[in-house]
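Beneath this line is the structure, given in structure tokens, with notes to follow.
The values are calculated or read from the model by the stated rules, or taken from the named source; none is laboratory data. Keep in mind that what you see is a predicted model, and the values were worked out from it rather than measured. Quick reminder, even Gly has a Cβ in these numbers, built from the backbone with ideal geometry, and neighbours come from all protein chains shown. Accessible surface areas use protein heavy atoms only, side chains included; no ligands, DNA or RNA. Shrake-Rupley method; radii C 1.70, N 1.55, O 1.52, S 1.80 Å.
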Amino acid sequence: MCCWIGLIDNMQLLKTKFHIPGFNVDAAVSRERIRRLISDSCSIVVLSAPAGFGKTTLLSEWVGNCKTSVAWVSLEDSENSPGVFWSYLITAVSSVLNDCGRNSLEQIKSFGVSSIENILIGLINEIAGDGTEFTLVLDDYHVISDGLIHTGIEFLIDHLPSNMRIIIAGREDPRLSLSKFRLSGKLAEIRAAQFRFNADEAEALLNKVHGLDLNKEDIVSLRDKTEGWIAGLALAILSIKEQADRRSFINDFTGSHRYIIDYLVEEVLSGLGDEVRDFMLKIAILERFCPELCQAVTDNPYSSRILMNMEQNNLFLIPLDNNREWFRYHHLFREFLLKNLKETHAGEVKKLHGKAFTWLKGKGVGTEAFNHGVLAEEYGEAAELLSENAPGLFSESGGYMLKRFIERLPEGIVHGNPDLCSYSVWLDVLAGDFESVDLLYRDIFKGNKTVAGFIFLIKGYRYFYQTGEFEKSIKELKDCLQVLPEKDVLVREMGELVLGLSLRYSGDMASSDDYLGKISLDGDIPVLTAISYGDILLVKGKLSMALSFIERTIENGRERYGENLVPEYGFLYILKGRILRERDDIGGALKACRKGLYLARNNEYVEIIFLGNLEYARILAADKNYAESERAMAVSIEAARVSSAWGECMSRAYKIRIEISRGNIGYAEELLKGMVDSSVTEVPYRQYYEYLSYCRYCLCKQETGRVHGITDAMIREDIPVKRAGRLIECYVLKAIAYYVERDMDQALETLGQAFLISEGEGQVRVYIDEGEPMQALFAEALKRGLLPDYLKKYVGAGDTRSVMINEFNENFNGREIDILRLMKKGCSNKNIAETLFLSVNTVRWYASRIFAKLGVKRRGEAVAFAEKYGLI
């Protein structure tokens with residue numbers, strides 16, 4: 001089986017990335033004219049110009065004259081990932097500041113970069129504490145497009161220690177907000193206009209460095225025609241050296257530099273021997289090459305010697321290792337060569353790719369081999385190669401890379417290959433698209449066990465996720481695991497995951513326990529199995545065990561993948577966020593949930609979008625960030641709406657809870673319409689979310705009988721199977737029902753049942769999210785010595801008051817009370833706005849909420865009700 005290089009491995013840093021290019025005074029022109037622009041008085045320097053303008057050469061010359069230490073990072077596309085980028089940057093800083101940043105690197109390794117600002121705060125403090133003056137150079141920053149990296153760099157620049165400078169060089173302006181630094185004089189910018197060679201510099205390059213002995217007229221002509229573009233002059237020099245009539249060459253040298261380069265490349269190639277020219281053109285199809293690969297592609301037995309000569313003659317080769325075994329072309333030069341190759345050897349291009357495909361496949365370099373196989377249009381063999389590696393690739397990349405590879409093959413080839421067709425359909429299904437499923441039922445796949453296994457898996461998944469028919473899902477998934485070949489490891493794990501979840505959501509905890517019992521906790525547990533295991537632990541209320549298990553699984557994932565975790569780990573981060581939210585660690589919960597959603601950014605799993613945004617909305621609501629919570633909830637509902645009817649109901653049920661907690665009872669009532677049957681007491685397990693939300697609504701209306709009926713039925717179901725998660729919630733709601741009935745003794749006795757379960761696991765939000773009634777119960781439980789120690793700090797927490805009005809239990813926050821008091825004094829909206837430092841529109845918005853809660857239409861009525869019920 002091939003090794004798919006460059007996808008996801010343990011992250012290793014290349015030492016060559018930190019190498020500062022040397023400046024050869026005999027082979028380059030000093031840029032003192034613009035070197036002075038990198039002023040010591042500027043803490044931020046930006047070099048922005050197209051390729052070939054000499055940015056790196058300028059910096060290498062500047063480093064040679066710099067009196068302080070320099071930390072250098074040469075960036076490539078592979079660093080366009082937050083974890084990789086920050087690891088290189090911090091390691092570069094560490095190289096010049098006595099291992100400064102070691103703690104930051106450990107934080108990245110342990111927790112990732114979802115909270116990069118916290119990591120940077122520690123790094124900035126360490127740099128400032130060290131005191132050593134130095135400059136950080138980020139070369140080729142234009143390859144960075146990740147917004148999280150830009151945000152982190154902006155934070156670093158905003159808080160740059162006084163002993164640190166930063167230089168950013170790239171082909172385009174960095175996507176950073178730097179305008180504020182222009183006014184302060186802290187920013188120096190060097191652009192293409194400054195980089196262009198003037199006549200004196202062009203003369204120095206052409207005559208002093210390369211000894212062409214051109215007259216001033218020829219120098220100015222070349223300088224003008226190349227517009228001072230250094231790479232254009234460099235390419236011209238290669239051609240001029242071979243010209244007998246240099247004046248005619250220069251006179252004929254016209255056009256914008258794009259056409260100049262096309263012309264020059266032809267001239268460079270024509271000045272070489274046929275063997276070297278042919279060799280250079282043919283290996284241009286390779287992104288990287290070594291002598292053996294070059295020989296396979298060109299059939300030239302002297303490939304090693306030619307490569308050595310090319311390097312010595314500065315023919316745009318860049319070594320990729322210290323041993324100079326692997327090389328690549330300068331990117332621009334390779335593009336020029338490819339254009340020339342297609343024009344002069346069009347009939348050979350596919351054959352060259354075919355030779356590269358054969359060699360790379362034989363060496364086990366699957367990624368590059370597949371790429372050349374497609375370009376050679378050897379689709380059948382490329383598909384076979386991809387088919388052989390699909391299970392491993394799916395396991396390694398979570399389906400994202402596999403999907404990209406499959407999309408490069410003709411549809412007919414994919415649909416005719418049982419493995420690729422199965423994976424292609426399965427990837428569509430995971431994204432919520434079931435339209436292509438019929439492809440697996442064609443006669444050509446009859447008798448194929450892989451296809452049969454996928455059919456059972458997809459049917460089971462569809463019953464589970466789309467329709468909520470969990471019993472049918474369980475049957476299909478058991479059949480799937482019976483027929484699916486062992487080689488399809490991750491798909492089997494997915495089947496086991498959905499089976500475990502189907503058992504859980506069906507309410508069959510006995511079978512779930514049997515399923516858990518078959519999972520070996522020794523060694524590295526497959527991530528999908530871990531998701532099912534962690535979810536069931538939460539249902540059973542075992543928060544500590546679940547958290548420990550999840551963190552261990554994530555750490556194992558980091559050891560395997562580095563920071564480039566596959567999307568499936570997003571589920572685990574969301575489960576972790578759920579646990580931390582329940583324990584009232586809102587900061588930790590937000591961090592975990594954001595990491596989970598980040599891993600799902602490519603939308604491989606629609607469930608992560610639905611469940612992740614649902615949990616994110618609950619965490620934000622707990623943090624009183626209702627605007628963001630509403631947005632996250634809307635994303636969750638929409639993601640579930642297009643693919644899962646019961647999932648949409650779950651999201652809406654939690655939205656109802658949040659609206660009730662905010663006092664928006666009328667809106668909650670609207671949302672409940674059509675979701676529940678008020679006459680039902682025996683609730684199907686998959687609908688318990690809706691009915692527990694309905695119970696909260698009933699408590700607002702003081703319809704406690706319905707609450708007792710629903711919670712009693714659930715408690716009877718949960719006690720035998722030890723489904724502690726829901727059990728605590730039912731006891732809490734039942735206790736509040738007794739409180740509303742003014743039966744404090746029964747309320748506390750019931751609440752005590754919840755305390756017995758939660759005390760060892762630390763559940764908090766299940767209590768405090770219920771607002772004022774729970775505060776009253778906590779206060780009374782504290783008086784009677786019944787409140788667990790870990791909950792005592794929550795007694796009296798919160799700033800809400802409660803009043804029974806129009807049969808609704810409405811909450812009024814401090815701001816609303818202040819506005820009612822000012823209304824009582826006869827203040828206008830404008831007076832209130834000025835007194836409370838609000839806008840008039842905000843005052844109007846608060847007033848409308850107050851009127852809605854009190855069921856009135858005028859200020860006078862609102863004040864009268866507020867006085868009657870003791871609000872003011």
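Quick notes on this structure:
- Over the chain: helical MRE at 222 nm, DSSP H runs n ≥ 4 each giving -39500 (n - 2.57), nearest 500: -19000 deg cm²/dmol
- Shape annotation for segment 274-395: C-alpha extents along the principal axes are 46, 35, 27 Å, from largest to smallest.
- Percent carbon-and-sulfur accessible area, segment 15-102, ignoring ligands, DNA and RNA, probe 1.4 Å: 47
- Based on protein heavy atoms only, segment 429-520 ends up with 44 Å² per residue of surface accessible to a 1.4 Å probe.
- Neighbourhood net charge (10 Å Cβ-Cβ; Lys/Arg +1, Asp/Glu -1) for THR704: 0
- Partners for LYS701 among lysines (Cα-Cα distance below 18 Å; same-chain residues under 8 apart left out): LYS673, LYS734, LYS853
- Per residue accessible area in Å² of segment 578-719, where ligands, DNA and RNA are left out and the probe is 1.4 Å: 37
- As a fraction of the 1.4 Å probe accessible area of segment 657-719, surface on carbon and sulfur atoms comes out at 46 percent.
- Estimated translational diffusion coefficient (Stokes-Einstein, Kirkwood radius over Cα pairs, 10 °C, 1.306 mPa s) of segment 134-244: 94 µm² per second.
- Against the chain, whose longest principal axis comes from its Cα atoms, helix 704-721 is set at around 60 degrees.
- The long axis of helix 470-483 is offset from the longest Cα principal axis of the chain by roughly 40 degrees.
- Whole-angstrom Cα spans of segment 601-716 along principal axes, big to small: 46, 28, 23
- Residues in segment 675-682 carry Karplus couplings, in order, of 8, 10, 9, 5, 8, 7, 10, 8 Hz; the curve used is 6.51 cos²θ - 1.76 cosθ + 1.60 with θ = phi - 60°, and Gly or Pro positions show x.
- Taking only alpha carbon atoms, segment 52-179 gives an Rg to Rh ratio of 0.94, where Rh is the Kirkwood radius.
- Estimated translational D of segment 729-796 in µm²/s (Stokes, Kirkwood radius over Cα pairs; 10 °C; 1.306 mPa s): 138
- ARG288 accessible area, assembled protein chains, probe 1.4 Å, Å²: 70
- Of all DSSP-defined beta bridges confined to the chain, some 30% are antiparallel rather than parallel.
- For segment 413-429, 3J(HN,Hα) per residue [Karplus equation, 6.51 cos²θ - 1.76 cosθ + 1.60, θ = phi - 60°, Hz, x = Gly/Pro]: 5, 5, 5, x, 9, x, 5, 5, 5, 4, 5, 4, 5, 4, 5, 5, 4
- Put the Cα centre of segment 824-872 next to the Cα centre of segment 31-101 and the gap is 59 Å.
- Cα long-axis angle, helix 645-661 against the chain (0 to 90 degrees, to the nearest 10): 70
- With Rh defined as the Kirkwood radius, the inverse of the mean 1/r over Cα pairs, the Rg/Rh of the chain is 1.06.
- The simple spin-label model puts a point 7 Å past each Cα toward its Cβ; for ARG844 and LYS478 those points are separated by 6.3 nm.
- Per-residue SASA remark: THR135, around 0 Å² accessible (1.4 Å probe; ligands, DNA and RNA not included).
- Rounded to the nearest 10 Å², the accessible area of PHE464 at probe 1.4 Å: 10
- Relative contact order (%) - segment 374-512, alpha-carbon pairs under 8 angstrom, separation at least six: 19
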